[in-house]
Amino acid sequence: MRRPVRAALLAFDLGSTSVKALLVDAETGAPIAIARRATGGGMDPREGDANAWWTAICAATNEALALAASQGDNGIEVRGIGVDGHGPSLVPVRADGSAAGPALMWRDRRSADDEAVLATILGRGGWLLGELPKARWLLRERPEVAAASTWLLSTWDALTFRLSGEAVSSFWDPARSVSPAQRSALLAVGVDERTLPPEVFPGTRIGTLLPGPAAELGLPVGVPIAAGMNDGLAAVIGAGLIRPGLGVDVGGTAGGVAVAATAAEAQRITAALPGRLWSGPAPAPLGDGVILGGAFAGTGRLLEWVVTELLSNDPAAAPARRAELFRTAASLPLGADGLMAKPISNLGWSSPSSIDDAFAGRTEQHTAAHLVRAAIEGGALAVAHLLAPAAAAGLQVSEMRLSGPATGATPGPLSGGEPVPAPLIQLRADLFGLPVVIGQNAEASGAGAAALAGVAAGSFASLREASVAVAVSAQRIEPNAHTQNRVQELLQNYGELSVATGESGAGRRED
C-alpha cells in the first residue's frame, strides 16, 4: 500500500560557517530530515560569499529531500519555505538575487564611523540600526559593487528575495522602523532607497518560489515564501519561549543565549546591569514580554578548533577518533581536572596560536579528551557567567532549552555525526543549576524558520501555535544537586579568568 504524500515545511538556517536545510511535518511540526553544508570562507573573515551560501543551500535541500525519501515517505510536498540568517550582515544583490559582491559580515567593524553618524540621526544605536551602517559604508567605499546592486539587504531578506523576487525589510522590533522623516534624513547622508525596502513582519507571505531557484532546489514553482528573520529571534520561536522564565542556549559556530522575561523584570535588570545583556520585545504573536540575551563570538569554534587540531595528523582515522574523544571526555569529572577554556572575545574569533593560548591550567596530565571536555564546558560557563548577575538581580529562569551540536542537543560534525554522550549534556544542567530540555527539533533557529513557513503557508493559525508545535520537548535532564559546590567553584574561577584575560563576559557582541 502506497503511503500518502507528506506535507512538509522547509527551513533554511544560515549560520556564519554553514547552512542547514530542515524539513518538518506541516501538521505536527515534527522533524522529517535535516542536512548541513559548509558555506566556505574567504581570506577576509569580515566578508562572505553569498553565492557560495546559495550553492550550499541548494545542496543541503536536495540532500534533505533525498533523506526524507529514503525514510519511506512516498513523497514530500513542500507547503512553505522560511529562512533565518546571521546579522547584522549586509548582502548586495542583483535583480536575479545573486550576490553583486562580498557580503559584509556581522563581525565587520569598518562601518563604525557610519554607525555613529546614523545613531545621531535616528536616535538609536547598535543592533537597532541593523544593516544600515554597513550599507552606507559600501555605497561610499565600493561604488562598483553598489552600481551592480539592485538591493542591499540583510541575509534573511536576501535569501527571500532570491527565492521570490520580492524585496522586503523583515523584523519584529518597532524601534527599528524608519519614519518618512527619518528616511529623508538617511537619504541626505548617503543611504539610498536600495537599503529601505518595504517593512514587514517575519512570517508574512511575501511571494512564491520562482522557476529558477525552484529548479536548483528540486522543488515545484509556486511554493509560498515567508518573510524571514534574524537567527537569534528565530531560536526564540523554535525553542518555544512563549512564557517568562524559559531560556534557550544556542550552540553553533558562535553561541548565544536568550531568556523570556516580563517587561517589568527586564527593565529592572537592564537598569541594574547596563550594557551586559541586550533586550528587545518578544515576537509580537508571543505576547508583550521581553527577550533578554547575549551572543558569543566563537564558543562552538573553539570546540571545532580543538577537534580539528587533535585530528589533523591523521584525517583518515578522524571519524572513529572523534567519537572516541567525545566518549572519553564524557567520562571525565566536572571541571576537566583543572583545565578551563579561556573566555573568547566578543569582538570576534581568531584561531589560537597554541593550546595554552586557548586554555588555562594545563598540565602534563591533561589529555586530548580533557581539551574537548574543557571546550564544551567553556561554552556552558560563558552562558552561566553571563546570566549569573542577572539572576542575582531578579531574573527568573525555570528551564534552559538546548539547541545545536555544540550544546550536545543534536549530532553534528563536531561529534562525527554521533549522538553526544549524555554526561556532556548533563554538565549544562549542572552548570546552569537548571533543568535542560532538548526539543524534537534540536536546531532551534531552523525550527523557528520552519514556524514562519507554516504561518505563511496557512499550516498553523498563528506563530504561537507554530512555535508550540515545533518546540515539543523530546528530552529533559535535571541538574545534579551533588555537584553544586563544584559548580560555584568553577563559576568563581571562570569569573576571575574573565577579569584576568580582559573579557567582561558581556553578551552584547560588538557587531
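The values are calculated or read from the model by the stated rules, or taken from the named source; none is laboratory data. This one's a predicted model, so the numbers in the text were calculated from it and none came from an experiment. We place every Cβ from the backbone using ideal geometry, glycine too, and count neighbours over all the protein chains shown.
Structural remarks
- Residues that are of a type in the set (D, E, K, R) and touching a strand residue (DSSP E or B) at 6+ places or on another chain (Cβ under 6 Å) within the stretch 26-63 comprise ARG36, ARG37, GLU63, listed in sequence order.
- Within the stretch 142-156, being part of a helix (DSSP H, G or I) and of a type in the set (A, V, I, L, M) holds for VAL145, ALA146, ALA147, ALA148.
- Scanning the stretch 362-376 for residues that are farther than 9 Å from MET340 by Cα, out of contact with any Phe, Trp or Tyr (no Cβ under 9 Å at 6 or more places or on another chain) and without any contact (Cβ under 8 Å) to a residue 40 or more places away in the chain turns up THR363, GLU364, GLN365, THR367.
Listed here are the residues, each with its yes/no results for (1) touching a Pro at 6+ places or on another chain (Cβ under 7 Å); (2) charged (D, E, K, R); (3) buried (at least 23 other Cβ atoms within 10 Å of the Cβ).
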site	(1), (2), (3)
ILE121	no, no, no
ALA158	no, no, yes
ALA188	no, no, no
ARG194	no, yes, no
GLY203	no, no, yes
ALA215	no, no, no
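- Qualifying residue in the stretch 257-275 (condition: in contact with a Pro (Cβ under 8 Å, 6 or more places away or on another chain), modelled with pLDDT of 95 or more, among the β-branched types (Val, Ile, Thr) and not in a helix (DSSP H, G or I)): no
To keep it simple, each residue is scored yes or no on (1) modelled with pLDDT of 95 or more; (2) under 19 Å from the mean Cα position of the chain (by Cα); (3) charged (D, E, K, R).
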{"residue": "THR410", "(1), (2), (3)": "no, yes, no"}
{"residue": "VAL420", "(1), (2), (3)": "no, no, no"}
{"residue": "VAL436", "(1), (2), (3)": "yes, yes, no"}
{"residue": "GLU443", "(1), (2), (3)": "no, yes, yes"}
{"residue": "ALA447", "(1), (2), (3)": "yes, yes, no"}
{"residue": "GLU489", "(1), (2), (3)": "yes, no, yes"}
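Quick grid of which residues meet (1) of a type outside the set (Val, Ile, Thr); (2) surrounded by fewer than 22 Cβ atoms within 10 Å (Cβ to Cβ):
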site: GLY245; (1), (2): yes, yes
site: GLY251; (1), (2): yes, no
site: VAL259; (1), (2): no, no
site: ILE269; (1), (2): no, no
site: SER279; (1), (2): yes, yes
site: LEU292; (1), (2): yes, no
site: ARG301; (1), (2): yes, no
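- Residue among GLY126, GLY130, GLY165 that is in contact with a Lys or Arg (Cβ under 7 Å, 6 or more places away or on another chain) and on the phi > 0 side of the Ramachandran plot: GLY130
- Which numbered condition GLY298 misses (of (1) at pLDDT below 85; (2) more than 16 Å from the chain's Cα centre (by Cα); (3) over 24 Å from ARG476 (Cβ atoms); (4) not hydrophobic (A, V, I, L, M, F, W, C)): (2)
Here is a yes/no grid of residues against (1) part of a loop (DSSP other than H, G, I, E, B); (2) modelled with pLDDT of 95 or more:
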{"site": "PRO133", "(1), (2)": "no, yes"}
{"site": "ALA167", "(1), (2)": "yes, yes"}
{"site": "TRP172", "(1), (2)": "yes, no"}
{"site": "ARG194", "(1), (2)": "no, yes"}
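- When restricted to residues that are in a loop (DSSP other than H, G, I, E, B) and without any contact (Cβ under 8 Å) to a residue 60 or more places away in the chain, the stretch 82-120 contains 5.
- Top-ranked residue in the stretch 102-115 [being modelled with pLDDT of 95 or more and surrounded by fewer than 22 Cβ atoms within 10 Å (Cβ to Cβ); ranked as farthest from the chain's Cα centre (by Cα)]: ASP113
- In the stretch 200-219, the residues that are in a helix (DSSP H, G or I), among the hydrophobic types (A, V, I, L, M, F, W, C) and more than 25 Å from the chain's Cα centre (by Cα): ALA214, ALA215
- Close pairs from the stretch 135-154: first under 19 Å from ASP96 (Cβ atoms) and in contact (Cβ under 8 Å) with a residue 40 or more places away in the chain, partner surrounded by fewer than 20 Cβ atoms within 10 Å (Cβ to Cβ) and among the charged types (D, E, K, R), Cβ under 6 Å, at least 6 apart: THR150/ARG94; TRP151/ARG194; LEU152/ARG194
- The set of residues in the stretch 15-38 being of a type in the set (A, V, I, L, M, F, W, C) and in contact (Cβ under 8 Å) with a residue 24 or more places away in the chain consists of VAL19, ALA21, LEU22, LEU23, VAL24, ALA26, ALA30, ILE32, ALA33, ILE34, ALA35.
- Residues that are part of a loop (DSSP other than H, G, I, E, B) and either among the acidic types (Asp, Glu) or under 30 Å from LEU132 (Cβ atoms) (or both) do not occur anywhere in the stretch 58-70.
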